[in-house]
Structures are given as C-alpha cells and as structure tokens.
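**Student:** So that we are looking at the same thing, I have put the structure below in structure tokens.
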Amino acid sequence: MASTFTNLLFHIVFSTKNRIPAIHKGLREPLYEYMGGIIRSEGGILLEIGGVPDHVHLLARSKASIAISDFIGHIKAGSSKWHNGKNTKSDHFEWQAGYGAFSVSESQVSKVRKYIQTQEAHHAKVSFKDELITLLKKHGIEYDERYLLG
C-alpha cells in the first residue's frame, strides 16, 4: 500500500492528583478548550470532552506517529502548566500520574460521546473508582486494586 491510513480513536480518562475537586465549573470550559488546543498541536482531533471536578474524559483521535503515552503526557503537562500560570491562588494544580486509554471503534463514537456528555448525572450514582473498574473490566484490562487510584 502506498499510503498510511489510520483511525486511532481513544477514550482517555485521568484524574486530578489525589482526586482533589479542582476543576470547578468556571474553570471547565477554558481548561477543556486549552486541552483541545494541545491535542490539535499534536496533530490530533478532540471529538468530545467532559468530566466532573476530580476527573476528565476525552474522546480523541490521534495521529499514528505519536505514542499514546506521549500524547496524553503532553495534554496533562500542558494543561496543568496553563492552569498554574493562570491561577492567582497558591493552590498548585496537578493531574494524577496515571491514566486510562481505551481504543474506540468508529461504530461506538456516538455512544462514547453521550457517555462523556453525561458525566455529571453519571457520577451522581457511580463513584470514580467504580467507573474506572467498569471500564477496565469492559476492555479486558487486568489491574491490582491496591494501585488503582494511587
């Protein structure tokens, strides 16, 4: 084949450090816009973003030439740097060290979009830990609960 064709879709989830509820409503829109800009600068496309005060979900398309760990690392580092540069309080904003990244079939994009759009209602009933365990099980990922939310 003379060309390379990819459709690399990921549902990405990560939390604030120690799940501190630092993403208040006034911060969400500008933070999400900034994260979208980071994704575009990495050659990706942000399809959906949403979350609650202690974590964020992204549905993003990435290019094949960047490792998913680098892609997410750039999003997290750039957005925390942006937040800390804008924050006039002494609180230091950080993301957790880890993340979840789950491949998404094109046929499931609308379902994942809706899931991300309804995070506030979802978390009125389900904890972040239970949500993460469900995602890990759904995608056949083994985990040790001792290190799940570290």
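Each value in this text was obtained by applying a stated rule to the coordinates, not by laboratory testing. Worth saying up front: this structure is predicted, and the values here are computed from it rather than measured. Please note: Cβ atoms are built from the backbone with ideal geometry, for glycine as well, and neighbour counts cover all protein chains shown.
**Student:** Note down the nm distance, to one decimal, between modelled labels 7 Å out along Cα→Cβ at residue 149 and at residue 106.
**Tutor:** Roughly 3.8 nm, to one decimal.
**Student:** Return the subset of 63/125; 86/111; 17/63; 86/137 for which the Cα-Cα distance in this structure is over 32 Å, preserving the input order.
**Tutor:** 63/125; 86/111; 86/137
**Student:** Restricting things to alpha carbons, find the Rg to Rh ratio for segment 68-132 using the Kirkwood radius for Rh.
**Tutor:** 1.04
**Student:** Quick one: plug the Kirkwood hydrodynamic radius of segment 35-82 (C-alpha pairs) into Stokes-Einstein at 20 °C, 1.002 mPa s, and report D in µm²/s.
**Tutor:** Answer from the Stokes-Einstein relation: 196 µm²/s.
**Student:** Sticking with this one: Looking at segment 58-131, which trypsin sites (Lys or Arg not before Pro) are DSSP coil and have at most 13 other C-beta atoms within 10 Å of their C-beta?
**Tutor:** Hits after loop and neighbour filter: 63, 89, 125.
**Student:** Which value at 222 nm does the chain reach when only helices count, each DSSP H run of 4 or more adding -39,500 (n - 2.57), with the total divided by all residues and rounded to the nearest 500 deg cm²/dmol?
**Tutor:** Value at 222 nm, helices only, nearest 500: -12500 deg cm²/dmol.
**Student:** At most 12 other Cβ atoms within 10 Å and a DSSP loop assignment: could you name the GluC sites (Glu not before Pro) in segment 107-150 that fit? Show your work: numbers first, answer last.
**Tutor:** Values: sites: 120, 131, 142, 145; in loops: 142.
Filter output for segment 107-150: 142.
**Student:** Further, regarding this structure: How long are the semi-axes of the equivalent ellipsoid of segment 8-147, taking √(5λ) for every eigenvalue λ of the Cα gyration tensor, in whole Å from largest down?
**Tutor:** The equivalent ellipsoid of segment 8-147 has semi-axes of 22, 19, 15 Å.
**Student:** What does the charge count around residue 11 come to, taking other residues whose C-beta lies under 15 Å from its C-beta (Lys +1, Arg +1, Asp -1, Glu -1)?
**Tutor:** Details: positive: 61, 111, 113, 114, 137, 138; negative: 48, 106, 131.
For residues surrounding residue 11, the net value is +3.
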